[in-house]
Amino acid sequence: MIRILAKIKDSQTVEKIKEYGNILFVSNFTDIVGVETTEEKLENIKHLEGVAQVRLSEKGILLKKAQHSI
Amino acid sequence: MRILAKLKRKMGFEDREKLEKRGALLLFQTELINIIGLETEDSEVLKQIDFVEDFKESEKGVILFNETLLKIGIQHLHEVGLLGAGIYISILDSGIFLQDLGLKYSVALHKDFTGEGLQDEVPHGTIISKLIQSIAPESSMLIGKIVNRFGEVDEIAVFQGLEWSYQNKAHLVNLSLGFSRKCQGDCWLCQYVDALVDNGVHVVSAAGNWGPEKGSISCPGNANKAITIGASEDGKIANYSSRGFASQEKPDLLAPGSLSIGKFKIIGTSISTPIITGTLASLFSKYQDKEWVIKSVKQSCKDLGYSKSEQGQGLLNIPMLLEVLEK
C-alpha cells in the first residue's frame, strides 16, 4: 500500500477516489485529500477528471538534533 | 478537599469500605508506610474512623523549574498568575508515557494516528508535553500521536492531527517536527496550516536543525502564518538552527534549544518550540486578543544582532514581554 496526497477540483471527486482507495484525510479548509491506495490504482486516481495533482505523502522527522547522556 | 492521613495500622478492604461509606474517596495507598491520600468534602468525618491516627490537608508544592526555563524567566509568568487555565494545546508528536500520572491528569483528549497505540516509544512527545506542562501547568492537552516508534512521521498523519486539533477546538498546536524540502510557504501542508490559523488555531512549528544554511527551514515552519521557532545556545543563535532564505522573515523568534534533565540532554528546535507554545498558552489564559499577544511576544524579543532571516525578532524575553503586556 502507498499513501498519497491528491489535489482535487471539487468535493464530488472524493467519492470517485473512494473507488480506488481509502480516504485518510479530508478537510473543509483545503482541496487536498489523503488517500491510501496501491501502485496499480494510483494510475486510476491520477486520471480521474476531478484530480488536479497527485504526489506521494512524504516522511518527516522529529527535530531533536541530539539526545544523549551527559 | 484533599487529605493526607496517617493510619494506626495497615488498611484492609473493610477499612476502605468504611472510608467510602463516609464519603471519603481513596486517592493514594502504599504498602511501604501507613499513609493514605484521600478526597472528602468534610474532613471531620475522619475523626470518627478508628484506624486514622492523624490527618492534614494536602499542601501545594511549587514547580521546580528546569535550569533552561529559569534562565529565560518562565517563573515570572507564574508569579503573576499566568498558568494557562482554560487553554487547550494540541501536541502532535510521538505520544506520551501512559504511566506518567503527572501528565495523565492534564490530558483532555488523545488519539493515535499511527496504529501503534498512544505509548511514546521514542521518547520525545513525553518530554515536549512535560515541558509545556511545566510552563502552562493549568492548560489542558490534546495528545495526537503522529510519530511512529522509529521517529518518523507520515505527512498525511500531520494533516489528520491538525484537522483533529481544529475539530476539538485546540487554541494552539505544537509541532516539534518537520519536512525538509524547498518551499516558500506554498506547499500543500503550509497552505493548510495557513488556513487553520485563519480559522483560529495557532500553529507553533519548529524551524528545523539544518542550519546554518540559508533557506533550510522545514515545513510547516515555512507556512507564512505559522509561528516558527529557531534555537538559541548560550545567548547566540545555535549553529544548527535553520535559517530562512534571504527575503524570508523566518524564523519568527528564537528560544533556548537544549534541555538537561539529570544526566540526559536533548538538543534541537524540538525543544525551542514547546517553550514558545507553553508561553503563549500561559498568556492566552489572561489576554483575550491572541493576535496582540503574539505580536507582543515578538516585539519584546531580545535582538541578538543577526538578520531577520536568521533570528526573526530575536530571543524570547519574558521580563520585557510582561512589561509590554502591562503597558
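The values are calculated or read from the model by the stated rules, or taken from the named source; none is laboratory data. None of these values were measured; they are calculated from a predicted model. Cβ coordinates were reconstructed from backbone atoms using ideal geometry, including for glycine residues, and neighbour counts include every protein chain displayed. What goes into the accessible areas is simple: the full protein's heavy atoms, side chains included, and nothing from ligands, DNA or RNA. Shrake-Rupley method; radii C 1.70, N 1.55, O 1.52, S 1.80 Å.
Let me know the mean shielding of B:147-159 by other chains, meaning the per-residue number of their Cβ atoms within 10 Å of its Cβ.
Across the residues of B:147-159, the mean count of other-chain Cβ atoms within 10 Å is 5.
Please give the total accessible area that chains B and A bury against each other, computed with a 1.4 Å probe and expressed in Å² to the nearest 100. Let's see the in-between values first.
Numbers: alone 16060 and 5720 Å², together 18620 Å².
So the total buried area for this chain pair works out to about 3200 Å².
If contacts are Cα pairs under 8 angstrom and at least 6 residues apart, what is the relative contact order of the range B:2-58 in percent?
Details: 89 pairs, mean separation 29.8, N = 57.
Computed over the range B:2-58, the figure is 52 percent.
What does the charge add up to near residue A:3, with Lys and Arg as +1, Asp and Glu as -1, over the other residues with Cβ less than 11 Å from its Cβ? Can you show the working numbers first?
Details: positive: A:55, A:59; negative: A:36, A:58, B:154, B:155.
Net local charge, residue A:3 excluded: -2.
Once each part is reduced to its C-alpha centroid, what is the distance from the range B:256-317 to the range B:144-210 in angstrom?
Distance between centres, Cα-based: 18 Å.
Quantify how strongly other chains surround peptide A:3-11 by giving the mean number of their Cβ atoms within 10 Å of each of its Cβ atoms.
On the way: counts 4, 2, 6, 1, 2, 0, 0, 0, 0.
Mean partner shielding for this stretch: 2.
Counting heavy atoms of the protein chains only and a 1.4 Å probe, report the per residue accessible area for the protein assembly as shown as a whole number of Å².
Solvent-accessible surface per residue comes out at 47 Å².
For B:67, B:59, what's the largest-to-smallest order of accessible area, 1.4 Å probe? Present the calculation step by step, with values, prior to reporting the outcome.
On the way: B:67 120, B:59 145 Å².
Putting B:67, B:59 in descending order of accessible area: B:59, B:67.
Strictly over 18 Å apart at the Cα level, which of B:214/B:250; B:71/B:250; B:250/B:298; B:169/B:290; B:21/B:56 would you flag in this model?
Numbers: B:214/B:250 11 Å; B:71/B:250 24 Å; B:250/B:298 12 Å; B:169/B:290 15 Å; B:21/B:56 20 Å.
Cα-Cα > 18 Å for B:71/B:250; B:21/B:56; rest within.
Counting other C-beta atoms within 10 Å, and keeping those with at most 15, which DSSP coil GluC sites (Glu not before Pro) do you find in chain A? List each step's numbers first, then the result.
On the way: sites: A:15, A:19, A:36, A:39, A:40, A:43, A:49, A:58; in loops: A:19, A:49, A:58.
The qualifying sites are A:19, A:49.
At most 16 other Cβ atoms within 10 Å and a DSSP loop assignment: could you name the trypsin sites (Lys or Arg not before Pro) in the range B:53-130 that fit? Intermediate values should be presented prior to the final figure.
Details: sites: B:56, B:60, B:71, B:104, B:111, B:130; in loops: B:60.
Sites meeting the loop and neighbour criteria: B:60.
Can you give me the Rg/Rh ratio for the protein assembly as shown, using Cα atoms for both radii and the Kirkwood formula for Rh? Display every interim value, and only then the final one.
Numbers: Rg = 24.0 Å, Rh = 22.7 Å.
Rounded to two decimals, Rg over Rh is 1.06.
Would you mind giving the mean number of other chain beta-carbons within 10 Å of the Cβ of each residue in A:28-36, as a whole number?
Taking all residues of A:28-36 together, the mean is 5.
May I ask you to give the percent of accessible area on chain B that is carbon plus sulfur, with a probe radius of 1.4 Å?
Numbers: 7140 of 14570 Å².
Of all accessible area on chain B, carbon and sulfur atoms account for 49 percent.
Semi-axes of the equivalent ellipsoid of the range B:2-58: what are they in whole Å, largest first, if each equals the square root of 5 times a C-alpha gyration tensor eigenvalue?
Values: eigenvalues 43, 31, 23 Å².
Values for the range B:2-58, descending: 15, 12, 11 Å.
How far apart, in nm, are two points set 7 Å out from the Cα along the Cα-to-Cβ line at residue A:59 and at residue B:43?
5.6 nm
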